[in-house]
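Visitor: My questions all concern the structure below.
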Amino acid sequence: MARFKLTIEYDGSPYKGWQVNKGETTVQGKLLEASFEVFGTEGIEVYGAGRTDAGVHALGQVAHLDVDTRLKPLQVQHKLNDILPQSINILAVEPVHARFHARHHAVARSYVYVISRRRSALFKRNVWWVKDHLDVESMQDASQVFLGLKDFRSFGRVLRKDESTKVEIQHVGIHECGETILVHIIGSHFLWNQVRRMVGVLVEVGRGAMSRSHVEQFMKQDSERPAQLTAPPSGLYLESVYYEGETVSRDPSWPVVVQ
């Protein structure tokens, strides 16, 4: 049995998220279907580093694949890509130790969220069009409230009873290019819907409907308000997953630039 590390990009628009779910089309499900076709064997497993939600994209999702094969990594990559739909592409395949685990061994993850200041005919499924003027400086100032190891119970929920709502946020950067605003967030891990709620709150700050003090209050006590402001999945991208010994980059990827 061989174990491979897969680095994957995908347009999440056609899928009901990453995780296999009976009766629904998912990214993990498509990878398993392609693997069965390539290897023609039972017992194939594909484990992702994170569960992206329906409509969320990835620039560098990581998964590990367990399969009984003598194919070389590049052969595995090419054969899987020949079968996978155009919306899913394997960027790299590497042999890894049998104990490597895509999720458990990850030490950090980064997301980018793409906001468009104008209506786009080309990128509707890949951005969030915000019609109102956004004060980027106010957003950047308020975003610093998130830094450090803090309790994000108002910004996401846990999927298991034994899971903590404490998350370490290492970096939040807000960048402008043309009509595009990019929110770049790096953390140890993320709660369900956490990034989209963080972005939704920051957009309200940018609109002038909230201030930094509101964000500080959300971090101090439970509030339903961030959930009500959840940003749409269309603009969210899992950018990178980092492992021991890898350098975490604070230079964001630009998946979409609306000029």
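The values are calculated or read from the model by the stated rules, or taken from the named source; none is laboratory data. Predicted model, so just to flag it, every value in this text is computed and none were measured. Cβ sites come from the backbone with ideal geometry, for glycine too, and all protein chains shown count toward neighbours.
Visitor: Among the numbered criteria (1) surrounded by 21 or more Cβ atoms within 10 Å (Cβ to Cβ); (2) under 26 Å from residue 128 (Cα atoms), which one does residue 64 miss?
Guide: Result: residue 64 passes all but (2).
Visitor: Considering region 113-127 alone, what residues qualify as being part of a helix (DSSP H, G or I) and either surrounded by fewer than 18 Cβ atoms within 10 Å (Cβ to Cβ) or of a type in the set (A, V, I, L, M) (or both)?
Guide: First, the residues of region 113-127 that are part of a helix (DSSP H, G or I): 124-126.
Selection gives 124, 125.
Visitor: I need the helices (runs of 4 or more DSSP H) fully contained in region 169-259, keeping only those with at least 3 residues that are of a type in the set (A, V, I, L, M, F, W, C) and modelled with pLDDT of 95 or more.
Guide: Ranges flagged: 194-207, 212-220.
Visitor: Tell me the residue from 195, 248, 203, 172 that is touching a residue at least 60 places away in the same chain (Cβ under 8 Å) and either in contact with a helix residue (DSSP H, G or I) (Cβ under 6 Å, 6 or more places away or on another chain) or within 15 Å of residue 130 (Cβ to Cβ) (or both), please. Step through it out loud before you land on a result.
Guide: On the way: 195 fails: either in contact with a helix residue (DSSP H, G or I) (Cβ under 6 Å, 6 or more places away or on another chain) or within 15 Å of residue 130 (Cβ to Cβ) (or both); 248 fails: either in contact with a helix residue (DSSP H, G or I) (Cβ under 6 Å, 6 or more places away or on another chain) or within 15 Å of residue 130 (Cβ to Cβ) (or both); 172 fails: touching a residue at least 60 places away in the same chain (Cβ under 8 Å).
Every option except 203 fails the conditions.
Visitor: Can you spot a residue in region 41-52 that is under 20 Å from residue 195 (Cβ atoms), of a type outside the set (Ser, Thr, Tyr), modelled with pLDDT of 95 or more and surrounded by 15 or more Cβ atoms within 10 Å (Cβ to Cβ)?
Guide: Yes, that holds for at least one residue.
Visitor: Here is a further query. From 116, 35, 87, grab the single residue that is at pLDDT 95 or above, out of contact with any His (no Cβ under 9 Å at 6 or more places or on another chain) and closer than 19 Å to residue 3 by Cβ.
Guide: Step by step, each of 116, 35, 87 is checked, and only 35 is at pLDDT 95 or above, out of contact with any His (no Cβ under 9 Å at 6 or more places or on another chain) and closer than 19 Å to residue 3 by Cβ.
Residues checked against (1) of a type in the set (A, V, I, L, M); (2) surrounded by 15 or more Cβ atoms within 10 Å (Cβ to Cβ); (3) under 26 Å from residue 63 (Cα atoms):
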residue: 176; (1), (2), (3): no, no, no
residue: 187; (1), (2), (3): no, yes, yes
residue: 208; (1), (2), (3): no, no, no
residue: 222; (1), (2), (3): no, no, no
residue: 249; (1), (2), (3): no, no, yes
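Visitor: Sticking with this one: Quick check: anything in region 81-104 closer than 24 Å to residue 190 by Cα, of a type in the set (Gly, Ala, Ser) and part of a loop (DSSP other than H, G, I, E, B)?
Guide: yes
Visitor: Regarding residue 110, is this residue assigned to a strand (DSSP E or B), at pLDDT 95 or above and either farther than 29 Å from residue 245 by Cα or touching a Leu at 6+ places or on another chain (Cβ under 9 Å) (or both)?
Guide: yes
Visitor: If you don't mind, there's one more thing I want to ask. When you check residue 130 against the structure, is it surrounded by fewer than 21 Cβ atoms within 10 Å (Cβ to Cβ) and aliphatic (A, V, I, L, M), yes or no?
Guide: yes
Visitor: Test residue 240 against the stated conditions and say whether it is crowded, with 22+ Cβ neighbours inside 10 Å and either over 15 Å from residue 116 (Cα atoms) or among the charged types (D, E, K, R) (or both). Spell out the reasoning first.
Guide: Values: crowded, with 22+ Cβ neighbours inside 10 Å: yes; either over 15 Å from residue 116 (Cα atoms) or among the charged types (D, E, K, R) (or both): yes.
In short, yes.
Visitor: When you check residue 41 against the structure, is it touching a Phe, Trp or Tyr at 6+ places or on another chain (Cβ under 6 Å), over 24 Å from residue 247 (Cα atoms), outside the structural domain of residue 191 (by TED's automatic domain parsing) and part of a loop (DSSP other than H, G, I, E, B), yes or no?
Guide: No: the conditions fail for residue 41.
Visitor: Still on this structure, I have one more. Based on what the data block shows, is residue 17 in contact with a strand residue (DSSP E or B) (Cβ under 9 Å, 6 or more places away or on another chain) and modelled with pLDDT of 95 or more?
Guide: Here the answer is no, as residue 17 does not meet what is asked.
Visitor: Answer yes or no: is there a residue in region 252-259 that is touching a Ser or Thr at 6+ places or on another chain (Cβ under 6 Å), within 20 Å of residue 125 (Cβ to Cβ) and in contact (Cβ under 8 Å) with a residue 24 or more places away in the chain.
Guide: Scanning region 252-259, I find at least one residue that is touching a Ser or Thr at 6+ places or on another chain (Cβ under 6 Å), within 20 Å of residue 125 (Cβ to Cβ) and in contact (Cβ under 8 Å) with a residue 24 or more places away in the chain, so the answer is yes.
Visitor: Of the residues that sit in region 224-237 and are among the polar types (S, T, N, Q) and within 19 Å of residue 146 (Cα to Cα), which one is surrounded by the most Cβ atoms within 10 Å (Cβ to Cβ)?
Guide: Here is the first cut: in region 224-237, the ones among the polar types (S, T, N, Q) are 228, 230, 234.
So of that shortlist, the ones also within 19 Å of residue 146 (Cα to Cα) come out as 228, 230.
On the way: 228: 10, 230: 18.
Here the residue is 230.
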